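Undergrad: Got a structure here, written out as structure tokens. Questions coming.
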Amino acid sequence: MQVSEDLIKRCKKDERKAQFELYKACYGPMLQICLRYQKNTDDAKSVVNQAFLKVCDKLETYRAEVPFEFWIRRITINTAIDEYRKDKSQREHYNNQDLSEHYWESKMTDVNLAEEEMNAESLRALVKSLPPISQQVFNLCVIDGYDYAEVAVLLNVSEATCRWHVHFSRKKLQELIKTTFQTTETVLL
Amino acid sequence: MSAPNQDIKAVFDQAFAAEQIPFDMGAWNQMNALLNQRARRRAIWIWFSGLALFLALTSGYTLSMSTNMMYHPRTQAEPFQPALASTICAEDLNALSTSIIETRNSVSKTPTSKESATLADHKANSTYLPKPHSENNGSLADGSNYTPSKPALPIEKTEPKSNNTAAPNATATLDSSATTPVETHRSMDWIDLMSILTLDPYSNDTTALPANKPSSNKTPRLYNFYVRAGVSKSIFHNPIWSHPELGQEVGGGVQYFLKEHLLLSGELGFARVRMEDTTHITGIKTYGYTANQNSYLVNTSELYYLELPLMAHYRMNRLMIGGGFSGSYLLGLKNETTHQVSSDRTSVTQTNQGGFYQWDRYRSYQFSALLDAQYQLASGSFIGARLNSGLFNVLAIEQKKIGMSRVDIYLKINLK
């Protein structure tokens, strides 16, 4: 992501052209984050726009000593988590979910990536086959590098629960990758 | 982070670094609309702040004006005399009033011994001794002219204290020409006495304001002009059309006092009504061998009406309740059009923001029933609420019927 200081200054002045340039520069990385946290592409795009609106609103508070990419990434993740928390039905669904073997069998059938490469999209599909709360914890702790304590506060769960979700997600992803890719790449996990 | 987690992270990072996400122009169009909305919200915030400041200043000014102009029958009829108020106690006044009534009821023009005693007691107990009249010339002894504010007032005697059975419960009428010994004491304390005995219907009405009732000294003007400004919330019979933001309205008019409590008013106003009406129009056009699909997404968010409400109000002290009808004409509307042209190979999207023009989709004339309530804040300012219920379809097309109602909250200021 290449964002110059001049571009940020122009965005602070509410110049629409500068905002477009900034949006164009940030769109890819922001959407990549949102795609991991949201159910589908449309929702992810909507969260990207919400996050960018926050970026425009809070641009006055941005300090140059912090890398802009890190700052924008943080805002995007927070917006995605806010959206997740708003979606109560999703949580209720998880609470009532039966995590039986049958559930996993159906998930494995859905993720039919045997003939595909292990690219970003296929990995995202694998993560999405996890229960929603496990997805969020896995994304935050493993991919985005948040502490367990931080994630516990963000998702309103205990640290121990976070640890369990990470352990559980890893185990399930290993199984899924073994089944779907059936290559030596699973050794990495 | 543990080593296995690091390994997983490396796999994901590698995969994500290799991923190329193409830029989506449609997402920017949505973002652009959100940024416009944000800019509009800011503008509305500034507008509301200005309006709130204006209302605060106007209310403050009118309140201060009304405090100075507060109607009080005693102070308007005669100058207030603190010495008089402090010296005459309630018992004295009761005794005096009883003696007046009894005197008027008695056949003899000379005071009885009991009446003389009452008057003597009154004179002895009260420190205030009014100067005697010169003989029935209508002027006070100190040279000032006395004009009775109530020339003929009925007094209903409820508790006769004397045993005089000549006219125990009769209603007596006092006239200025009567010459009784008691009337020789009539002076400014009489006016005070009369108001305390609640002969004046307005004497206890401390909440009464000048515009609220006619003044006895001056003939009230039968009409007055006013201006009105406020916010409105539109309610459509189909909730999809409802817009979260508030509309605005301004207007001015004249009200005519048909009777003491009945007013007729007519005004001319301008209303900005918020709504959400999205229409999707598609069509295919062929240029040579290429077929282009044109897709128009038209979102109408504002309607501008010129209104002519006619109403009648009934006034109850500070509260006015009324109803009427309003005719309105659609001056224009605000559209936001997204035009997308797509063929097999290309897709171009163009957004035209804020097009103001009239569209045949909407009915030009509207007619609505009004219910209105106003509360007087100060002498010339009112706060009001108005329900505007549309009687016709908003749309000009017959296939779809959309009724519109509006709730307005406004401030009305009478012009002097």
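Undergrad: At a probe radius of 1.4 Å, what is the per-residue accessible area of A:Phe70, in Å² to the nearest 10?
TA: Here the accessible area works out near 110 Å².
Undergrad: Let me ask something else about it. Quick one: if the Förster radius is 35 Å, what FRET efficiency do A:Ile8 and B:Gln293 give, using the C-beta to C-beta distance and rounding to 0.05?
TA: 0.35
Undergrad: Also: Just list whichever of B:Lys259/B:Lys412; A:Lys24/B:Lys285; A:Lys58/A:Lys86; A:Lys58/B:Lys334; A:Lys13/A:Lys86; A:Lys12/A:Lys39 have alpha carbons separated by over 27 Å in the model shown.
TA: A:Lys24/B:Lys285; A:Lys58/B:Lys334; A:Lys13/A:Lys86; A:Lys12/A:Lys39
Undergrad: Which value, in Å² and to the nearest 10, is the accessible area of A:Arg10 when all protein chains are kept and the probe is 1.4 Å?
TA: 60
Undergrad: Can you give the charge dipole size of region A:5-86 about its Cα centre, rounded to the nearest 20 debye, using +1 on the beta carbon of Lys and Arg and -1 on the beta carbon of Asp and Glu?
TA: Dipole magnitude for region A:5-86 comes out near 100 debye.
Undergrad: How big is the accessible area of B:Tyr61 in square angstrom, nearest 10, if you roll a 1.4 angstrom probe over the protein chains?
TA: Counting only protein heavy atoms, B:Tyr61 exposes about 140 Å² to solvent.
Undergrad: Need the full-extension length gain, B:Leu268 to B:Trp47, defined as separation in residues times 0.36 nm minus the C-alpha distance. One decimal, nm.
TA: Extending this stretch completely gives an extra 77.3 nm.
Undergrad: So between B:Ile281 and B:Ala312, what do we pick up on full extension, going 0.36 nm a residue minus the alpha carbon distance?
TA: Extra length available between B:Ile281 and B:Ala312 comes to 6.6 nm.
Undergrad: Set the Förster radius R0 to 51 Å, insert the Cβ-Cβ distance between B:Arg361 and A:Ala160 as r into 1/(1 + (r/R0)^6), and round the FRET efficiency to 0.05.
TA: Calculated value: 0.25.
Undergrad: Still on this structure: What nm distance separates the two modelled labels at B:Val341 and A:His167, each placed 7 Å from Cα along Cα→Cβ?
TA: Here the modelled spin labels are 6.2 nm apart.
Undergrad: What percent do you get for the relative contact order of region B:276-342 when only Cα pairs under 8 Å and 6+ apart count?
TA: 36
Undergrad: At a Förster radius of 25 Å, what calculated FRET efficiency corresponds to the Cβ-Cβ distance of A:Glu121 and A:Lys24, to the nearest 0.05?
TA: Calculated transfer efficiency: 0.70.
The values are calculated or read from the model by the stated rules, or taken from the named source; none is laboratory data. As the structure is a computational prediction, the values presented were derived from the model and not from experiment. Glycine also receives a Cβ, built like all others from the backbone with ideal geometry; neighbour counts cover every protein chain displayed. Each accessible area value is taken on the protein alone, full model and side chains, heavy atoms only, with ligands, DNA and RNA left out. Shrake-Rupley method; radii C 1.70, N 1.55, O 1.52, S 1.80 Å.
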